[in-house]
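**Q** So that we are looking at the same thing, I have put the structure below in structure tokens.
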Amino acid sequence: KMTQQMRDLQLAQAKKPPGPSSPNAAKRLYRNLSGKFRVNYTSFDEGSLVGRGEKEKLRKSYLFQSNAALFEAVELQDLDRVQELLKHYSPEELDLNTPNSEGLLPLDIAIMTNNAPIARALLQAGAKESPHFVSLESRSLHLSTLVREAEQRVNELMAQVVNEAPNADCSEKEKQLKAWEWRFRLYKRMKAGFEHARVPDAPSSVHLSVASSSSLQVTFWEPLSVNSAVVTKYKVEWSCSPTFLPLVGEAVIDKLKDLHFTIQGLVSGTAYHVRVSAYNMKGWGPPQASVPPFAIPSNWREYDGRAPRRRGQAEALDHLLGQVKTVHQNCICHEPCKNQPQSRKHSVSKSLKHLFHPGSKFLKTLKRGLYLTAIFYKDDNILVTHEDQIPVVEIDDTYSCLLMQDFLWFTKVTCMWDEILWLRQCVTVSQSSCSCILQTRFKMLLAISQMQGLLGIQDLGQVFFEPIKDKQGNILIVTLKEVKTNQTFESVRWVPICKLQTSRKSVSSPEEPTALDTLLISVQDKLAYHQRSSHALSPGLYLGYLKLCSAVDQIRVLVPERLPNILCHVKIRSNPNISREEWEWLQKMASVEEPVSTEPEADTSQNPLFQELQVAIKELMTLVNIPLQEAKDFRLYSQEVLDFGDQVSFLLLLPPSDDVCTAPGQNNPYTPRSGFLTLPLQIFELGEEK
């Protein structure tokens with residue numbers, strides 16, 4: 001009675017056991033499964049399973065039940081159950097796009113019953129429409145067949161129930177009758193939903209922007225109409241002609257988690273028109289033209305043919321370092337280091353046993369001098385020595401040089417952890433002058449080597465942006481490194497930070513804590529700083545605020561505590577690219593030699609970049625606690641866009657030239673709110689590079 005296509009489809013599904021046939025069966029199945037949704041298959045008691053084959057059989061049984069439960073949840077229009085199943089099972093485990101015995105997919109049922117929330121949840125998970133419905137006629141015929149056969153089955157069962165005497169078989173047939181009556185109503189509702197649906201309206205908005213010199217970014221939004229069926233895909237078309245004849249290309253987007261598309265492989269300098277259409281089970285709706293109506297792929301560098309600032313710099317520095325090494329390779333001092341690096345090939349787990357060796361040279365207390373400590377942490381635990389102490393080694397017990405200069409030199413050394421032995425050999429040759437600075441730096445290299453040797457770890461991590469000092473004359477340089485959870489160590493003592501803080505017996509008064517006590521008190525703040533300094537910005541164009549302050553021996557830069565490796569900033573937009581046209585406009589604004597304005601003017605109010613900058617400047621001034629009227633004296637840095645890779649770029653907002661850098665003793669009338677700190681400029685540059 002079914003069409004030949006449906007017979008073929010049923011044969012393909014013959015091996016699939018039938019699912020629950022009634023709402024009550026679906027509820028029982030869901031109750032049975034609900035307690036198992038949060039259980040990983042590997043968490044079952046291994047002793048209760050005879051072997052791997054039985055485990056796999058049990059797993060497949062649960063997967064099939066989850067597939068049946070998904071169909072029933074969609075048919076019952078139970079959004080919570082659908083979301084629960086999509087959360088705990090992958091699309092492959094649910095057989096999300098495998099038709100059932102009626103040739104339907106979960107998404108088909110959702111859209112034909114016009115259940116938009118369930119349909120959107122399924123689309124977000126990657127659900128598709130049934131490939132069986134190749135045309136409107138085939139869908140209509142298939143629905144009519146399902147309704148007719150369900151009605152016929154209801155009539156047959158009703159006649160059997162009426163004519164047979166009450167018995168066990170009759171009771172079973174009554175259950176079947178109720179199930180088929182329910183399914184008959186479902187198919188009629190689906191058929192009515194299809195017949196009353198219409199093609200979708202055009203997308204409510206289509207935004208076009210320049211993504212690069214060879215690509216455009218298209219962002220669009222759903223149609224506003226609530227009367228049409230659920231949209232299941234979109235079509236993006238582009239052409240060099242406003243009539244779209246001929247088309248240059250088109251793309252169908254059926255992954256609707258994010259409604260945007262990047263058109264790649266375009267010709268720089270060529271104008272492209274773009275439009276977007278929506279599709280539902282009734283077909284394609286009318287197209288919506290983009291705003292602006294066309295765009296020209298370009299990049300701000302095309303304005304003057306400028307090459308990327310950092311092109312070839314890393315290679316040049318590597319080449320320069322290689323040349324320096326070549327000069328020193330024949331030195332007598334360099335001979336021992338040819339073989340020594342191989343001695344570090346032993347495993348980290350064995351080397352860390354030095355932490356528990358009684359003869360280790362870690363210090364428990366500090367005398368007057370300069371010291372190095374390395375903090376390794378994992379979650380809320382910290383690595384300690386066999387005496388439950390943070391690893392500390394001595395650098396110099398007679399330190400009397402300029403701390404900031406030596407400290408900044410140390411920060412540069414942290415970029416070459418693997419070259420410490422070589423650096424130490426080279427500094428040894430240069431020690432003939434016996435200057436205080438060279439001696440101190442040689443001792444720093446010795447201390448680093450000692451720490452690396454005792455820990456058996458070359459990379460000691462990132463240096464904290466300022467040393468810890470106490471009134472007893474101790475100075476503590478701190479490095480921090482997070483140990484990844486997938487790393488394993490043997491015989492290593494990990495101690496919870498809170499336990500270490502409470503168990504340590506302080507030898508100083510609260511008014512004058514030692515550097516070690518200060519470290520323990522503030523260790524969580526330092527770990528938080530280390531974690532935040534490794535965070536990356538999401539892709540986009542940002543407006544940054546450059547504010548410096550100088551001291552006798554350093555320049556410091558204002559940064560947010562939540563992201564200390566980046567200037568104070570706000571996001572302008574998600575597209576990081578500045579087009580040639582936008583850069584030309586910025587150059588024109590800069591050539592007028594007037595301050596940045598926060599009020600729109602007639603000739604610029606329609607410029608999207610101007611509007612975006614206007615909002616961003618107001619937000620940034622509020623963030624750094626500067627009155628908006630003061631922003632009229634600020635200027636945009638118009639020499640270049642700061643590109644950080646391909647996904648993040650910055651425009652800089654500068655205070656008046658006299659206020660870019662606050663001199664020592666100079667009053668700053670506008671102090672940023674809490675949540676900011678100032679970093680030494682060299683530390684900030686290292687963090688930005690990483």
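The values are calculated or read from the model by the stated rules, or taken from the named source; none is laboratory data. Note that the coordinates shown come from a computational prediction; the quantities given were computed from them, not determined experimentally. Backbone-built Cβ (ideal geometry, glycine too); neighbour counts: all protein chains shown. Note: areas computed on protein heavy atoms with side chains; ligands, DNA, RNA excluded. Shrake-Rupley method; radii C 1.70, N 1.55, O 1.52, S 1.80 Å.
**Q** Could you give the C-alpha radius of gyration of the range 66-136 expressed as a fraction of 2.2 N^0.38 Å, taking N as the number of residues it contains?
**A** The value comes to 0.98.
**Q** Now a separate question. After finding the eigenvalues of the alpha carbon gyration tensor for the range 57-196, what semi-axes result from the square roots of 5 times each, listed largest first in whole Å?
**A** Computed over the range 57-196, the values are 29, 21, 13 Å.
**Q** Which of Leu141, Pro131, Gln83 sits closest to the plus end of the dipole of the range 57-196, meaning its Cα is farthest towards the positive end, when Lys and Arg get +1 and Asp and Glu get -1 on the C-beta?
**A** Going by the charge dipole, the pick is Gln83.
**Q** Out of all Cα-Cα pairs in the range 207-298, roughly what percent, to the nearest whole number, are more than 24 Å apart?
**A** When all Cα pairs of the range 207-298 are counted, 19 percent exceed 24 Å.
**Q** Quick one: work out Rg over Rh on the C-alpha atoms of the range 512-666, Rh as Kirkwood radius.
**A** Expressed as Rg/Rh, it is 1.04.
**Q** Where the centroid of each part is defined by its Cα atoms, how far is the range 518-553 from the range 624-678 in Å?
**A** Each part's Cα centre sits 16 Å from the other's.
**Q** Also, I was wondering about something else. Taking 7 Å along the Cα-to-C-beta vector as the label spot, tell me the Ala289-Gln313 distance in nanometres, rounded to one decimal.
**A** Here the answer is 4.4 nm between the modelled labels.
**Q** Further question: In Å², and per residue, what accessible area does the range 207-298 have when probed at 1.4 Å with the other protein chains present?
**A** That works out to 46 Å² per residue.
**Q** At 1.4 Å probe size, with the rest of the protein present, what percent of the exposed accessible area of the range 57-196 is carbon and sulfur atoms?
**A** Result for the range 57-196: 52 percent of the exposed heavy-atom area is carbon or sulfur.
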